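Accompanying notes for the structure given below.
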Amino acid sequence: MDKSAARTAAFARRKAAHRPYAATAGYLSEVLAGHRGVPLAGYMAMRTEINPTPAMEEAAAHGPVGVPVIIGAGQPLRFRRWEPDCALIKGEFGAMIPEIGDWMTPQIVIVPLVAFDRNGGRLGYGGGFYDRTLEKLRAVQPTMAIGFAYQAQEDENLPLAPTDQPIDLIVTENGIITP
């Protein structure tokens, strides 16, 4: 299966699993509690992505939290400092980003997923933003990538490429998976 077909199937599974107001970040909070104060980046959920905001709010009480900002096509993401209730504006592709704030460098990155496998493989949206970003961050310092997804997004047959950056941990609404 090619990446386009895999994405289409994964989006359908994610849409079916999506529960916008369900408490789904409990296990993510549990993982992040073991890394209090470590600079981390989450994301502002859009469409049918699982929402990490409750876990990000808890983490922000202990250390810096950022969210990704798309700088341009083919570029790694940058991360702007985020705090609960900060003013947000629409960024590229409709993702909400802080209107103002300092840039920060995370040591933990919560990665939204289209699909994942139990070996740390991930399928994203296809722009390569997280692959370029994780590669750049990991070249400078150890950086943990935590994939956050619904359990239904698991796929045993992901079409992976050599440039795809692995995730170190997968967190779903049902538990924690260590590749």
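What follows draws every value from the coordinates through simple rules; no lab data is involved. Since we're looking at a predicted model, the values are computed, not measured. Positions of Cβ are backbone-derived with ideal geometry, glycine not excepted, and every protein chain shown enters the neighbour counts.
Identify, please: which residue in the range 99-128 is under 11 Å from the mean Cα position of the chain (by Cα) and not aliphatic (A, V, I, L, M) and is, among those, farthest from GLY175 (Cα to Cα)?
GLY124
Give me the pairs: first residue in the range 84-103 and at positive phi, second residue surrounded by 10 or more Cβ atoms within 10 Å (Cβ to Cβ) and among the aliphatic types (A, V, I, L, M), beta-carbon distance under 7 Å, and six or more apart or on different chains, which are they?
Short answer, once both residue conditions are applied: PHE93/ILE70; GLY94/MET46.
Among the acidic types (Asp, Glu) and touching a residue at least 60 places away in the same chain (Cβ under 8 Å): is that true of GLU30 in this structure?
yes
Looking at the structure I just gave you, is GLU156 assigned to a loop (DSSP other than H, G, I, E, B), among the acidic types (Asp, Glu), closer than 27 Å to ALA6 by Cβ and out of contact with any Gly (no Cβ under 7 Å at 6 or more places or on another chain)?
On the way: assigned to a loop (DSSP other than H, G, I, E, B): yes; among the acidic types (Asp, Glu): yes; closer than 27 Å to ALA6 by Cβ: yes; out of contact with any Gly (no Cβ under 7 Å at 6 or more places or on another chain): yes.
Yes, satisfied.
Kindly provide the set of residues from the range 63-84 that are in contact with a helix residue (DSSP H, G or I) (Cβ under 9 Å, 6 or more places away or on another chain) and over 19 Å from PHE129 (Cβ atoms), ordered by number.
Within the range 63-84, GLU83, PRO84 meet the criteria.
GLU49: closer than 29 Å to THR163 by Cα, out of contact with any Ser or Thr (no Cβ under 6 Å at 6 or more places or on another chain) and among the acidic types (Asp, Glu), yes or no? Give the derivation first.
On the way: closer than 29 Å to THR163 by Cα: yes; out of contact with any Ser or Thr (no Cβ under 6 Å at 6 or more places or on another chain): yes; among the acidic types (Asp, Glu): yes.
So GLU49 fits the description; yes.
Please enumerate the residues belonging to the range 124-179 that are polar (S, T, N, Q), farther than 20 Å from ILE70 by Cα, in contact (Cβ under 8 Å) with a residue 24 or more places away in the chain and surrounded by fewer than 18 Cβ atoms within 10 Å (Cβ to Cβ). Steps first, answer last, please.
First, the residues of the range 124-179 that are polar (S, T, N, Q): 133, 141, 143, 151, 153, 157, 163, 165, 172, 174, 178.
Narrowing further to those that are farther than 20 Å from ILE70 by Cα: 141, 151, 153, 157, 172, 174, 178.
Checking which are in contact (Cβ under 8 Å) with a residue 24 or more places away in the chain leaves us with 141, 151, 153, 157, 172, 174.
Of everything in the range 124-179, those that are polar (S, T, N, Q), farther than 20 Å from ILE70 by Cα, in contact (Cβ under 8 Å) with a residue 24 or more places away in the chain and surrounded by fewer than 18 Cβ atoms within 10 Å (Cβ to Cβ) turn out to be GLN141, GLN151, ASN157, ASN174.
If you take just the strands (runs of 3 or more DSSP E) that sit entirely in the range 9-108, which of them hold at least 2 residues that are surrounded by 13 or more Cβ atoms within 10 Å (Cβ to Cβ)?
Values: elements: 65-69, 78-82, 88-90, 96-98.
Result: 65-69, 78-82, 96-98.
What number of residues within the range 1-18 are closer than 15 Å to TYR150 by Cα and without any contact (Cβ under 8 Å) to a residue 40 or more places away in the chain? I'd like the intermediate steps shown before the answer.
First, the residues of the range 1-18 that are closer than 15 Å to TYR150 by Cα: 7, 9-18.
Subsequent filtering for residues that are without any contact (Cβ under 8 Å) to a residue 40 or more places away in the chain retains 12, 15.
Total meeting the criteria: 2.
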